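Please read the structure below before turning to the comments.
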Amino acid sequence: MLSRWMSGSSRNLDREYNCTVRLLDDSEYTCTIQRDAKGQYLFDLLCHHLNLLEKDYFGIRFVDPDKQRHWLEFTKSVVKQMRAQPPFTMCFRVKFYPMDPAALKEEITRYLVFLQIKRDLYHGRLLCKTSDAALLAAYILQAEIGDYDPGKHPEGYSSKFQFFPKHSEKLERKIAEIHKSELSGQTPATSELNFLRKAQTLETYGVDPHPCKDVSGNAAFLAFTPFGFVVLQGNKRVHFIKWNEVTKMKFEGKTFYLYVSQKEEKKIVLTYFAPTPEACKHLWKCGIENQAFYKLEKSSQVRTVSSSNLFFKGSRFRYSGRVAKEVMESSAKIKREPPEIHRAGLVPSRSCPSITHGPRLSSVPRTRRRAVHISIMEGLESLRDSAHSTPVRSASHGDTFMAPGRSGRVESSERVAVIADENYSPADSVLPTPVAEHSLELMLLSRQANGAPCSIEEEKESEAGTPSAEAEEAGGELRALCPGTGGPGSAQAEQVNKFVLSVLRLLLVTVGLLFVLLLLLIILTESDLDTAFFRDIRQTPEFEQFHYQYFCPLRRWFACKVRAVVNLLIDT
């Protein structure tokens, strides 16, 4: 029996698990890992496959069975983190955006960051004016199809690409005009470099939004960028706090606290409420990692951070990895022949559909593509960015699925808000988490003033669930984030409940300590235990004085009262 158990345990330990990782060009990398394989092992396999040396900017993201997003921790077992049945599905993404992407040493790294920012632009996380949007799209066009050729590119050729969730014919003409007249002769690498230089100047560069509510119950998005902490409400940045001004981050349940120390010793605490405790913990961990990466000089300065206080059991977390300054110093020492880059080229991708003719140059076979149109119920005002890491809960809300169209442009003027030329946001019609990366990565809805639903083309990266389930889950999330559903009253009640709970815990701890002290006192004064510890205490002058002057009179008084009560009960 013992031998059978040992052989079964051995087979269990030696078991292999299939992993599929979706890359930034929408191709897939498949491998097998052992049960005890750490996240670092899988990440190193991916980086070797991509021939990537400047790998500290990237990470692997996955979704747990509760639809909560996570970054894979490299020091822990992959299997234990997944909490799902194999085969496992994950995504390779930029985790820490470079402060200056154009300064990256190798072209392969710049290309991967270019793909990530192109996704951000398409999903509405990178916001910009119309003129900037046209220039960025023209750079993408030049990188993908090269110089303008009248024979290959007929009138309206730019409309066959989709760079944003939706765009107007005027913007398409502007994109084509820039591509024809200003970018001729640029190689793909040059166009990508210019794209990165322009994107890096935008306010929402590197934004990875987390949906929350403020203390007034208003919907907001929190994000961590290379330069600091950002709070977005609607299309406005209401807070920007540099990393050196952030003194502490902690969370309790669904409540996230950010402690800020600004000039003239001005200290403030920002409080926000996440949809779930798991989302709040993920937000906290992302904040700890980003602050350590961008703020510290050396990785040896990293410390374990705890979210606990006196009355609440908290979590402990430590960032593992190099910091930005160390990464840049290491990159400067790279000396090798530039690796060959297999650009995705002229094939429509889930994140940015493009012209459908021509071969795809990719190191792995093309993946299946499915797209659906999701019709969104009217709700929040236009939220100009995505919710990269939010769990979405199931709740039916009447979303309908329609057949996919040729492009992301919505033709009906009744369904789409007009895009102003002065301030173009490609985020008028998208959902809570990027649809290209499984559960809906954007929270961008039609304006309330519009009062009409709008639709987008949703891409499927089936990390879990089905398209219809995702749509239902999105509806539940939208309702959870609507200001009317959990206003100031509910937030205030939650704070009161937490205060009452902390007071009760304090009382229980105090009573428990008093009870322990009373037991110790009784043992010292009344028991016959003669251990060395008790003997030493009993022989001290202070204890003898306490025993004869206080304890004995108190014991006699207490015994007298007990006898009086007993006699009274007997007489009655």
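Computed quantities for the displayed model
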{"quantity": "Protein accessible area in region 508-571, 1.4 Å probe - carbon and sulfur %", "calculated": "72 percent"}
{"quantity": "Region 210-325, accessible area per residue, ligands and nucleic acids excluded (1.4 Å, Å²)", "calculated": "47 Å²"}
{"quantity": "Residues LEU501 and CYS560, FRET efficiency given R0 of 35 Å [Cβ-Cβ distance, rounded to 0.05]", "calculated": "0.25"}
{"quantity": "Spacing of the two label points (7 Å from each Cα toward its C-beta) at GLU337 and CYS31, in nm", "calculated": "2.4 nm"}
{"quantity": "Full-stretch length increase - ASN218, LEU508 - with 0.36 nm per residue and alpha-carbon distance subtracted", "calculated": "100.8 nm"}
{"quantity": "Burial order of peptide ranges 135-148, 251-264 (average beta-carbon count within 10 Å, highest first)", "calculated": "135-148, 251-264"}
{"quantity": "With every protein chain in place, region 210-325: carbon and sulfur % of accessible area (1.4 Å)", "calculated": "48 percent"}
{"quantity": "Calculated diffusion of region 210-325, Stokes-Einstein form, Kirkwood radius summed over Cα pairs, 4 °C and 1.567 mPa s, µm²/s", "calculated": "88 µm²/s"}
{"quantity": "Spacing of the two label points (7 Å from each Cα toward its C-beta) at GLU182 and ARG303, in nm", "calculated": "4.8 nm"}
{"quantity": "Long-range HN-HN contacts of THR204 with modeled amide H, under 5 Å", "calculated": "LEU127"}
{"quantity": "Label-point gap, in nm, between ARG173 and ARG316 - each point 7 angstrom along Cα→Cβ", "calculated": "6.5 nm"}
{"quantity": "Sorted peptide list for 319-331, 524-536, 18-30, criterion being average Cβ within 10 angstrom, highest first", "calculated": "18-30, 319-331, 524-536"}
{"quantity": "Three-way shape call for region 216-257 based on the alpha-carbon gyration tensor, with the a/c threshold at 1.5", "calculated": "oblate"}
{"quantity": "Reciprocal of mean inverse Cα separation for region 508-571 (Kirkwood radius, Å)", "calculated": "13.8 Å"}
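The values are calculated or read from the model by the stated rules, or taken from the named source; none is laboratory data. Given the structure is predicted, the values throughout are model-derived calculations rather than measurements. Note that each Cβ is placed from the backbone with ideal geometry, even for glycine, and that neighbours are counted across all protein chains shown. Keep in mind that these areas ignore ligands, DNA and RNA; they rest on the heavy atoms of the full protein, side chains included. Shrake-Rupley method; radii C 1.70, N 1.55, O 1.52, S 1.80 Å.
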